[in-house]
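Enquirer: Quick one: the structure is below, questions incoming.
The values are calculated or read from the model by the stated rules, or taken from the named source; none is laboratory data. Remember, it's a predicted structure, so these values are computed and weren't measured experimentally. We place every Cβ from the backbone using ideal geometry, glycine too, and count neighbours over all the protein chains shown. The accessibility values were calculated without ligands, DNA or RNA, using every heavy atom of the protein model including side chains. Shrake-Rupley method; radii C 1.70, N 1.55, O 1.52, S 1.80 Å.
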Amino acid sequence: MHRCAGISSPPAACDWISAPLSVIEAVFAQSETLPGWEKKVTDYFHENLQDNRSSWVPSLNDVPLHYLRPGGLVHFRCMVQDMFDPEFYMGVYETVDEGTGVRALHLGKYRDVAECMPHQEIDFRSGRTLERQTFYCVPVPGESAWVKEISIVSRQARACASTSYTPNRQKRSLEEDDDDLTRQHGAQHAGDAQEKCKRLETEQQDQPLQSRPSSSSQSLDLYFPVPGEKGPACLVKVYDNWDNFKVNDVLEVYGVLSVEPLLSSLNDDRDSMSSLLDPSDGADVLEEQRAHSPPTSLVPRIHAIVIHKLSHTNPLIPSSVNETVDSKQCVASFLSELSSVRSDLLGFLTHVLLGDSLAAEYLILHLISTVYARRDVLPLGKFTLNLSGCPPNSHFIQHLYGIVRQLVPVSYYLPMTIENMNNMRFIPRKDYSANRLVSGLLQLPQHTLLVVDETVLEQGQLDTAGVRNLTALGNLITWQKVDYDFSYHQMEFPCNINVLVTSEGRSLLPSDCQVHLKPQMCPASLEQYSEALLSATLPSLLNKFRIYLTLLQLMEYTIPDEVTKAIEDDFVDMRRGDPQSISADDLHSLLVVARLLSLSAGQTTLSRERWLRAKDMEIQRKSRLQEHKYVIGNEL
């Protein structure tokens, strides 16, 4: 048996990945009479996941489920889509040898079933009942392809090889609400592993992932907020500190992938019994059981050992930029070349916006904006940009989005057609029959870039659902919140989503800043132009743009007292000459622009130079709006 966590004879390099339960049982066996053995386990895995060794762990985001090793340690980068009620399980239990009467103590933590040999029986009276929480987690909605690609590359060279899995014990249910399926990582291995993979692939090849039937032969909704999203959803079992997490948090989970196909048949048996015992109440019970115990071939389980809450999902920078010496050195190194990166990014976005450098300046400010605090109900730091003057029916916005999503980790493009507004579900709602949260389009992680294309809006009538969706978009922009529908009441969920509204004239939606696009060129083919622009940009430079935009969202900012006094004096002077020239709202907008302009230059305090530059940009922006105030009788 392996030793770990300060115990002699530590496991081999891959044992803690291929057989984490053996490591955990070793600690439990030696420390069961002493308090704190659980902490020894988490500390051991925390230590082994340092120094890039976390990339050795196979990831559900990158590796097809049927290649993952059952009972092995896996990684999953995900968003908490829903939280189920706490569940009880047998944390510790005893088995009794039927022949000799010898009793043995077993650990039930990080498992879905209790294990015993054929000649043993479980003494249920000896069990110690404990509590754990279940999170329903989905891959990060709207995660960019480049994030996935970089993550795959970083893990491919390091992932620890797996071995085939052959169960050799009888198993009994440890709790009432679980079933599992996990599989093997390492396609290069032959023999039993290949046979198992082929069998599992055959079982699933008849239907696509999102529409395969459950054990009840009904279609299963995997609750992905973004339409067309791919990748596994998972039930993550959390044993400690689950109060630190909430719905919509982005997590990095390392845990044991449980494989218990037996639980599928147990769930089917419970379904049948429930219907026979009380047919009148059985429907709701069965629906909740299906929602909370979906087929393991679609929704695997992970018993979490280590969980990190992520402030961003950019794989090019450390997850916590100010916590370790290495991460601080990485940030300092990048800041030394930030000025040149900003200049290159400005030139790049100027080309993207057809030669409009002023619009490119404001787009940079928009992309690095974030809600950094809330004062009462007012979110501070948001900077919703309305890019008006966009050519309609030219696919310009699709090409703009196609390039911008190469720069940000998470994004989504929303064509604001009448059909989409009337038919798409924007607001998540509570399904009380299934006792779970049904996802909606606006259930997005923080720092998502939501591009709303208003240029595709045609004549038509918004129905009740469309009006509700339009209102939800407006509330998201203004208050950075989404009111989830709980039937009898609305529950407010704060968010931090950058909304870029593109329109021909002034948008129907509110915004913090409107910039009228002034193209300086007209490419014959936008598609060829966009492809040429990306092809001419070195991958290394694209990565610098990606680091720049994410890093500046995480930087803190202050205004020195002397600058605050100078701004107040400047505001008084401007109103003295013309009281109508600037209002309190105008001053607030100017301060937001000055803040973002300072951060875009890598400055965490406001200087007189940046304040004057912000004033000049605002004058240019407003002057341009005046020039285009009326176009064919429509105010912009």
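Enquirer: Return yes when Glu121 is farther than 30 Å from Arg405 by Cβ, acidic (Asp, Glu), part of a strand (DSSP E or B) and within 40 Å of the chain's Cα centre (by Cα) and no when it is not. It would help to see each step written out before you state the result.
Expert: Numbers: farther than 30 Å from Arg405 by Cβ: yes; acidic (Asp, Glu): yes; part of a strand (DSSP E or B): yes; within 40 Å of the chain's Cα centre (by Cα): no.
The answer is no for Glu121.
Enquirer: Output the qualifying pairs, or none if there are none: Cβ atoms under 6 angstrom, residues six or more apart or on different chains, first residue in the range 354-381 and without any contact (Cβ under 8 Å) to a residue 60 or more places away in the chain, second residue crowded, with 18+ Cβ neighbours inside 10 Å and not in a helix (DSSP H, G or I).
Expert: Close Cβ pairs (under 6 Å, with a partner that is crowded, with 18+ Cβ neighbours inside 10 Å and not in a helix (DSSP H, G or I)) amount to Ala360/Leu353.
Enquirer: Specify the residue that is surrounded by the fewest Cβ atoms within 10 Å (Cβ to Cβ); the eligible residues are those in the range 450-494 that are among the acidic types (Asp, Glu) and in a strand (DSSP E or B).
Expert: Filtering the range 450-494 for residues among the acidic types (Asp, Glu) gives 453-454, 458, 463, 483, 485, 492.
If we keep only those that are in a strand (DSSP E or B) as well, we get 453, 483, 485, 492.
Details: Asp453: 22, Asp483: 18, Asp485: 19, Glu492: 12.
By that ranking, first place goes to Glu492.
Enquirer: Residues of the range 18-52 being assigned to a helix (DSSP H, G or I) and touching a residue at least 60 places away in the same chain (Cβ under 8 Å), which ones?
Expert: Let us first name the residues in the range 18-52 that are assigned to a helix (DSSP H, G or I), namely 18, 20-31, 37-48.
Residues satisfying the conditions are Ser18, Pro20, Leu21, Ile24, Glu25, Phe28, Glu38, Val41, Thr42, Phe45, His46.
Enquirer: Scanning for something buried (at least 16 other Cβ atoms within 10 Å of the Cβ) and in a helix (DSSP H, G or I), does the range 433-442 turn up at least one residue? Write out each step before concluding.
Expert: Filtering the range 433-442 for residues buried (at least 16 other Cβ atoms within 10 Å of the Cβ) gives 434-442.
Narrowing the set further to residues that are in a helix (DSSP H, G or I) leaves none.
Scanning the range 433-442 turns up no residue that is buried (at least 16 other Cβ atoms within 10 Å of the Cβ) and in a helix (DSSP H, G or I).
Enquirer: Let me ask something else. Restricting the range 532-567 to residues that are part of a loop (DSSP other than H, G, I, E, B) and among the β-branched types (Val, Ile, Thr), which is nearest to Glu143 (Cα to Cα)? Let's see the steps before the verdict.
Expert: Keep residues of the range 532-567 that are part of a loop (DSSP other than H, G, I, E, B), which gives 536-538, 554-557, 559-560.
Those still in the list that are among the β-branched types (Val, Ile, Thr) too: 537, 559.
Values: Thr537: 22, Ile559: 34 Å.
Among those that are part of a loop (DSSP other than H, G, I, E, B) and among the β-branched types (Val, Ile, Thr), it is Thr537.
Enquirer: Here's a follow-up. Just the residues that are exposed (fewer than 14 other Cβ atoms within 10 Å of the Cβ) and part of a helix (DSSP H, G or I), please, taken from the range 512-531.
Expert: So the first thing to find is which residues in the range 512-531 are exposed (fewer than 14 other Cβ atoms within 10 Å of the Cβ), and the list is 520-522, 524-525, 527-528.
Within the range 512-531, Glu527, Gln528 qualify.
Enquirer: Just a yes or no: is a residue in the range 555-569 among the aliphatic types (A, V, I, L, M) and within 29 Å of Leu625 (Cα to Cα)? Show your work before the answer.
Expert: Step one: of the range 555-569, the residues among the aliphatic types (A, V, I, L, M) are 555, 559, 563, 566-567.
When the remaining residues are screened for being within 29 Å of Leu625 (Cα to Cα), the result is 566-567.
Yes, there is a match, as at least one residue in the range 555-569 is among the aliphatic types (A, V, I, L, M) and within 29 Å of Leu625 (Cα to Cα).
Enquirer: I'm trying to understand the selection: among the residues of the range 497-511, which are more than 20 Å from Leu353 (Cα to Cα) and not in a strand (DSSP E or B)? Give the steps one after another, and end with the answer.
Expert: Our first condition is that a residue be more than 20 Å from Leu353 (Cα to Cα); within the range 497-511, this holds for 497, 508-510.
Correct list: Leu508, Leu509, Pro510.
Enquirer: Any residue that is of a type in the set (Val, Ile, Thr), in a strand (DSSP E or B) and under 19 Å from Ile302 (Cβ atoms) - is there at least one of those in the range 87-104? Spell out the reasoning first.
Expert: Taking the range 87-104 first, the residues of a type in the set (Val, Ile, Thr) are 92, 95-96, 100, 102.
Remaining after also requiring in a strand (DSSP E or B): 92, 95-96.
Subsequent filtering for residues that are under 19 Å from Ile302 (Cβ atoms) retains none.
No, every residue in the range 87-104 fails to be of a type in the set (Val, Ile, Thr), in a strand (DSSP E or B) and under 19 Å from Ile302 (Cβ atoms).
Enquirer: Take the conditions within 23 Å of the chain's Cα centre (by Cα) and modelled with pLDDT of 85 or more and apply them to Arg111. Does it pass?
Expert: no
The rows are residues; the columns are (1) at pLDDT 95 or above; (2) among the hydroxyl-bearing types (Ser, Thr, Tyr); (3) surrounded by fewer than 16 Cβ atoms within 10 Å (Cβ to Cβ).
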{"position": "Gly347", "(1), (2), (3)": "yes, no, yes"}
{"position": "Val352", "(1), (2), (3)": "yes, no, no"}
{"position": "Asp356", "(1), (2), (3)": "yes, no, no"}
{"position": "Ala360", "(1), (2), (3)": "yes, no, no"}
{"position": "Ser369", "(1), (2), (3)": "yes, yes, no"}
{"position": "Asp376", "(1), (2), (3)": "no, no, yes"}
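Enquirer: On to the next question. Would you check which residues across the range 572-602 are within 35 Å of the chain's Cα centre (by Cα) and open to solvent by 60 Å² or more (accessible area, probe 1.4 Å) and list them?
Expert: Looking only at the range 572-602, we keep the residues that are within 35 Å of the chain's Cα centre (by Cα), and these are 585-602.
Result: Asp585, His588.
Enquirer: Return the pairs, sorted by first residue and then second, in which the second residue is in a loop (DSSP other than H, G, I, E, B) and among the aliphatic types (A, V, I, L, M), the first residue lies in the range 292-314 and is within 25 Å of Ala145 (Cα to Cα), the beta carbons are less than 7 Å apart, and the residues are 6+ apart or on different chains.
Expert: From the range 292-314, the pairs are Ser297/Leu181; Leu298/Leu220; Leu298/Leu222; Val299/Ala233; Pro300/Leu181; Ser311/Leu554; His312/Leu554; Thr313/Val140.
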